[in-house]
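**Student:** For reference, the structure I am asking about is given below.
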Amino acid sequence: QESVRPFDLIARAYTELQQFEAADSHWSLAEQFSPDRPAVLRSRAKAEIAAGRFEVAEALLAEGMEDDLEAPAGFLLLATVRKMKRDDLPLIERMQSLLAKGGLSRKHAVDLNFGLGKSFDDLGEYETAIGFFDEANRIGYELDPKLASLGRDEARAFTDFQIDYFTRERIHEIQRDGLSTDLPIFIVGMARSGTTLTESILSAHSRVQSRGEQSFWPERAIEFFRWSSGPVDLNHDLAIRFAHEYLEFLTPGHAYPGSSECRHVIDKNPNNFHYAALLHGLFPNAKIVHLKRHAVANVLSIWMTPEVARFLGTRENLVFAYREHLRLLSHLREVLPENRFATFRYEDLTSEPKATISAMLEFVELEPEDACFEPEKNSRAVLT
């Protein structure tokens, strides 16, 4: 099985790069040598979803489930890629029977519960749907013992530190050693708040490239924010060193066509919100685009989304995280300049796209281009 993996990985890469002819030959090899064909079809379906080819993904999943009708992961993907209808009730009922039978691994039970929750939500049976979402999150929370150790006291203390430490005066001190470049555009916010849509809008511009959801700053936070013992503190020199490394990492290179025309590179990671004050100090000329969504819509969307919800685990933790987000947001609005940090509402982006996208482009100082107003035509792969 391990010897088949390179075919799968290469095929996924070609698919996400929209080089479908090259991808097809590698997918064929992966299917040919794999003892688990439905698993290859699911892997391909994920790549096709990322590339925006939903009908292709749906056909692959339907084919895979004919060979492996009891595939919870395949059912979850199928429910994700399309709106389930009454015609799908036989399949939905078969998945309910499978769940009721028991004996599934907890991972498969999570997948089935999320898939059934999405299915009944599509059918308008919301009370049934939320029951499945609740169960999916309950099992998922138990599945990862590390989640139980995530304490609210520590999270609250970190927000307190940010508010106390990052005053206007302290940020100005950091800026003395900061980098003058305006290359990065940071897109931040709560998960499921519209950051991916915003990335699609801005990356459609001819002078913007996207690095996708990078983990550069979250991975290094444990190093420049000293958490190991005593109160939280900031290692200023290390943060500056990382800023130089980050700029080198971000700078467009030979892998990007037309890189000489690139003016901005997007780093879309919702978690960078927690480091927004520091990032402004390190890159005082960079723009930080913050997305905010109606509280109920935002937390419900997280609760209904596999993987995203698992990191918060319980409804109480979810509400707590949203409130902490608002508490830090209030502080950031006080200490960061309006021409560097701006909040856009997801509801405005979807109900009044032309005016909101125009305002967003003005904020990042880019001339409007038609492609930005048609993000659904953006050909880049979407992995979240």
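The values are calculated or read from the model by the stated rules, or taken from the named source; none is laboratory data. Everything numeric here is computed off the predicted structure, so don't read it as measured data. Using ideal geometry, Cβ is built from the backbone for each residue, glycine included, and neighbour counts are taken over all protein chains shown. Just the protein is used for accessible areas: all its heavy atoms, side chains included, with ligands, DNA and RNA removed. Shrake-Rupley method; radii C 1.70, N 1.55, O 1.52, S 1.80 Å.
**Student:** Using 26 Å as the Cα-Cα cut-off, could you pick out the over-long pairs in Lys46/Lys101; Lys85/Lys268; Lys46/Lys354; Lys83/Lys107? List each step's numbers first, then the result.
**Tutor:** On the way: Lys46/Lys101 28 Å; Lys85/Lys268 34 Å; Lys46/Lys354 31 Å; Lys83/Lys107 23 Å.
Among Lys46/Lys101; Lys85/Lys268; Lys46/Lys354; Lys83/Lys107, the Cα-Cα distance tops 26 Å for Lys46/Lys101; Lys85/Lys268; Lys46/Lys354.
**Student:** Hey, any idea what % of the stretch 74-151's accessible area is carbon plus sulfur with a 1.4 Å probe?
**Tutor:** Working: 2160 of 3930 Å².
C and S atoms contribute 55 percent here.
**Student:** Bin width 10 Å, origin at 0, all Cα-Cα pairs of the stretch 1-160: what percent of pairs per bin?
**Tutor:** Reading the bins upward from 0: 10, 32, 29, 21, 7, 1.
**Student:** Here is a follow-up. How far apart, in nm, are the 7 Å Cα→Cβ label points at Glu173 and Glu245?
**Tutor:** 2.4
**Student:** Among 82-95, 116-129, what's the highest-first ranking by average C-beta atoms within 10 angstrom per residue?
**Tutor:** Highest mean packing first, the order is 116-129, 82-95.
**Student:** Moving to a separate point now. How big is the gap, in Å, between the Cα center of the stretch 15-92 and the Cα center of the stretch 267-286?
**Tutor:** Between the Cα centre of the stretch 15-92 and that of the stretch 267-286, the gap is 37 Å.
**Student:** Please work out the C-alpha center-to-center distance from the stretch 343-377 to the stretch 155-184 and express it in whole Å.
**Tutor:** About 28 Å separates the Cα centre of the stretch 343-377 from the one of the stretch 155-184.
**Student:** If you don't mind, there's one more thing I want to ask. Starting from the Cα-Cα distance between Ala295 and Lys354, subtract it from 0.36 nm times their residue separation and give me the gain in nm to one decimal.
**Tutor:** Values: separation 59, 0.36 × 59 = 21.24 nm, distance 2.36 nm.
Using 0.36 nm per residue and subtracting the Cα-Cα distance, I get 18.9 nm.
**Student:** Angle between the Cα long axis of helix 20-33 and the longest principal axis of the chain, 0 to 90 degrees, nearest 10?
**Tutor:** 50
**Student:** Return the aspartates and glutamates within reach of Lys118: Cα separation strictly under 16 angstrom, same-chain partners fewer than 8 residues apart disregarded; answer none if there are no such residues.
**Tutor:** Partners within reach: Glu58, Asp87, Asp88, Glu93, Glu127, Asp134, Glu135, Glu307.
**Student:** Can you give me the accessible area per residue for the stretch 78-232, using a 1.4 Å probe, in Å²?
**Tutor:** Working: 7770 Å² over 155 residues.
That works out to 50 Å² for each residue.
**Student:** Could you order the peptides 233-244, 177-188 from most to least packed, using the average number of other C-beta atoms within 10 Å per residue? Could the numbers behind the result be given before it?
**Tutor:** Working: 233-244: 16.0, 177-188: 19.5.
Highest mean packing first, the order is 177-188, 233-244.
**Student:** Right, something else. Given points 7 Å out from each Cα along the Cα-Cβ axis, report the Phe33 to Lys377 separation in nanometres with one decimal.
**Tutor:** Placing both labels 7 Å along Cα→Cβ, they lie 4.0 nm apart.
**Student:** Next question, about the same structure. Here are a few candidate values for mean projected area of the Cα convex hull in nm²: (1) 20.4; (2) 24.5; (3) 19.5. Which one was actually calculated from the structure I just gave you?
**Tutor:** Read-out from the structure maps to (1).
**Student:** What FRET efficiency comes out for Leu89 versus Ile130 if R0 is 22 angstrom and r is the Cβ-Cβ distance? Round to the nearest 0.05. Mind showing how you got there, number by number?
**Tutor:** Working: r = 19 Å, r/R0 = 0.87.
Result of the calculation: an efficiency of 0.70.
**Student:** Would you kindly state how much longer the chain becomes between Leu238 and Glu55 on full extension, computed as 0.36 nm times their sequence separation minus their alpha carbon distance, in nm to one decimal?
**Tutor:** 61.1 nm
**Student:** Could you give P(r) for the stretch 87-200, binned at 5 Å from zero, as whole percent values over all Cα-Cα pairs?
**Tutor:** Once binned at 5 Å, the Cα pair distances of the stretch 87-200 give 2, 9, 11, 12, 12, 13, 11, 8, 7, 7, 4, 3, 1.
**Student:** Rounded if a/c is under 1.5, else prolate if a/b is larger than b/c, else oblate: which is the stretch 285-360, with a ≥ b ≥ c the root eigenvalues of its Cα gyration tensor?
**Tutor:** Working: a/c = 2.53, a/b = 1.44, b/c = 1.76.
The shape class here is oblate.
**Student:** When Lys and Arg each count +1 and Asp and Glu each count -1, what net charge do the other residues less than 15 Å away from Asp370, Cβ to Cβ, add up to?
**Tutor:** On the way: positive: Arg207, Lys354, Lys377; negative: Glu367, Glu369, Glu374, Glu376.
Overall, the nearby charge balance is -1.
**Student:** Sequence-distant or interchain residues sharing an amide H contact under 5 Å with Arg226, placed H: which?
**Tutor:** Asp233, Leu234, Asn235
**Student:** I'd like to compare 364-376, 200-212: which one has the highest average count of other Cβ atoms within 10 Å, and what's the full order after that?
**Tutor:** On the way: 364-376: 14.5, 200-212: 20.1.
Top to bottom by mean Cβ count within 10 Å: 200-212, 364-376.
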